[in-house]
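First up is the structure itself, then whatever we jot down about it.
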Amino acid sequence: MNPKMKIAAANSAIAPPALSFKGLGQVYQTGSGPLEALRGVEFSVDRHQFVAVLGPSGCGKSTLLRLIAGLLKPSSGRVEAFGHPITEPRDDIGIVFQNPTLLPWASVEDNVVFPVKHKTGRVSREDRERARNLLDKVGLTGFEKRLPAELSGGMQQRVGIARALHMNPDILLMDEPFSALDALTREEMGFELLRIWEAQPKTVLFITHSISEAVLLADRVLVMSGSPGWVIEDISIEIPRPRGIETSSSAEMQDYAGHLRKLLLKRPETQL
């Protein structure tokens with residue numbers, strides 16, 4: 001190993017993970033009393049790793065993302081980004097929601113640059129050029145001046161992805177971004193996301209209810225218990241990249257999907 005490679009390896013070894021969760025718990029106070037959403041969540045995500053989170057409805061997956069985004073403060077434990085506690089929203093963390101939540105009166109390009117306009121009060125020529133480059137990457141060249149109502153559901157979600165990438169975040173949170181799409185468009189968007197991620201690597205935490213989607217996209221799949229949510233298994237997906245249509249029908253993918261299905265059907269409902 002040459003000296004430069006040794007230095008790079010050493011830096012990699014001491015660098016903190018992109019995300020880490022230490023004894024994380026979240027309790028909501030409701031009219032009926034305390035509601036425990038998360039309990040003792042412990043895991044970390046390395047830089048540029050793609051991690052999918054699977055679990056039943058109500059297990060705290062969306063709460064997990066809100067904590068990472070700095071929209072909630074944990075009831076117990078810590079959430080850290082690059083070794084520092086997350087206490088408020090950060091520019092290096094982007095979010096893609098279940099629905100793209102686009103401004104209906106604004107053009108596609110204006111929707112993509114909206115976060116920077118909201119933050120700084122202005123949009124530069126470079127900001128618009130970056131927006132157009134991102135729209136090209138997500139296959140929307142020629143639609144820059146269209147309104148959201150003129151786009152299909154899949155195209156609107158691509159605008160949402162471009163908007164999240166415009167601030168060039170190190171971490172990308174995706175909260176079931178394809179759940180509202182039909183099966184064919186959902187599969188197409190999965191392959192599109194893989195292409196974008198391979199061309200422009202990000203640390204991704206991807207919430208989904210789809211076992212096949214999790215296996216296709218992720219380096220790791222975290223399986224959560226029922227409420228209160230905690231991680232019951234952390235599975236590395238050792239399927240070579242790049243992954244394509246042929247991956248969907250491979251024996252490896254079916255084996256992982258089968259194992260995950262058994263875990264979810266037999267999940268423990270409480271932490272012992």
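What follows is calculated from the coordinates using simple rules that are stated; it is not laboratory data. These figures come from a predicted structure and were not determined experimentally. All Cβ positions, glycine included, derive from the backbone under ideal geometry; neighbour counts span all protein chains shown.
Odds and ends about this structure:
- Of G70, G31, G160, the one that fluctuates the most in a GNM where the chain has Cα springs shorter than 10 Å: G31
- When only alpha carbons are used to place a centre, segment 228-244 and segment 90-150 end up 31 Å from one another.
- Among P85, P115, P34, the largest mean-square fluctuation in a Gaussian network model of the chain (Cα springs under 10 Å) belongs to P34.
- 15 Å reach of a label modelled at E42, 7 Å along Cα-to-Cβ, counting backbone N of segment 230-269: 230-234
- DSSP bridge orientation in the chain - percent antiparallel, rounded to nearest 5: 50 percent
- Phi angles across segment 256-263 convert, under the Karplus curve 6.51 cos²θ - 1.76 cosθ + 1.60 with θ = phi - 60°, into 3J(HN,Hα) values of 4, 4, x, 5, 5, 4, 5, 4 Hz, Gly and Pro given as x.
- Most mobile listed residue (R66, R220, R122) in the chain, GNM with C-alpha springs under 10 Å: R122
- Taking a ≥ b ≥ c as the square roots of the eigenvalues of the Cα gyration tensor, the chain is classed as rounded, since a/c falls below 1.5.
- The 3J(HN,Hα) values that the Karplus relation (6.51, -1.76, 1.60; θ = phi - 60°) gives for segment 18-27 are, in residue order, 4, 9, 8, 10, 10, x, 6, x, 9, 10 Hz. Gly and Pro appear as x.
- Karplus-based coupling profile of segment 51-63, in residue order and whole Hz: 10, 9, 10, 10, x, x, 4, x, 8, x, 5, 5, 4, with θ = phi - 60° in 6.51 cos²θ - 1.76 cosθ + 1.60 and x standing for Gly or Pro.
- Taking the chain and dividing mean pair separation by its residue count, relative contact order in percent (alpha carbons under 8 Å, at least six apart): 24 percent
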